[in-house]
Amino acid sequence: MDLYRRVRLACAEGMSQREAARHFNVSRDSVAKMMAFSVPPGYRRTAPVKRPKLDTFTGIIDAWLEGDREVHRKQRHT
């Protein structure tokens, strides 16, 4: 966050974006993003989170494990 503020301040005082990139050792694209947003935008997902394939069966598996508490040790699911 401090770097973000310093880069924006340097460019506002007349330093070119290319020169700011060289001075602060960041890419020119990063400096352009810093100038475009007043607050860092953070991470933006490119695709939605994929649900695991096991998710549809968790209810069944939980029922098995609950039932296993009542049977002998050697008859339980592992």
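Where a number appears in this text, it was derived from the coordinates with a stated rule and is not lab data. As the structure is a prediction and not an experimental result, all values here were calculated from the model. Neighbour counts run over all protein chains shown; Cβ positions are idealised from the backbone, glycine included.
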Near pairs, Cβ below 7 angstrom, 6+ apart or cross-chain, from the range 37-60 (within 30 Å of residue 3 (Cβ to Cβ) and in contact (Cβ under 8 Å) with a residue 12 or more places away in the chain) to any residue that is of a type in the set (Ser, Thr, Tyr) and surrounded by 10 or more Cβ atoms within 10 Å (Cβ to Cβ): 40/4
Spans of helices (runs of 4 or more DSSP H) in the range 1-75 with at least 2 residues surrounded by 13 or more Cβ atoms within 10 Å (Cβ to Cβ) and of a type outside the set (A, V, I, L, M): 2-12, 17-24, 28-36
Condition met for residue 78 (exposed (fewer than 10 other Cβ atoms within 10 Å of the Cβ) and in a loop (DSSP other than H, G, I, E, B)): yes
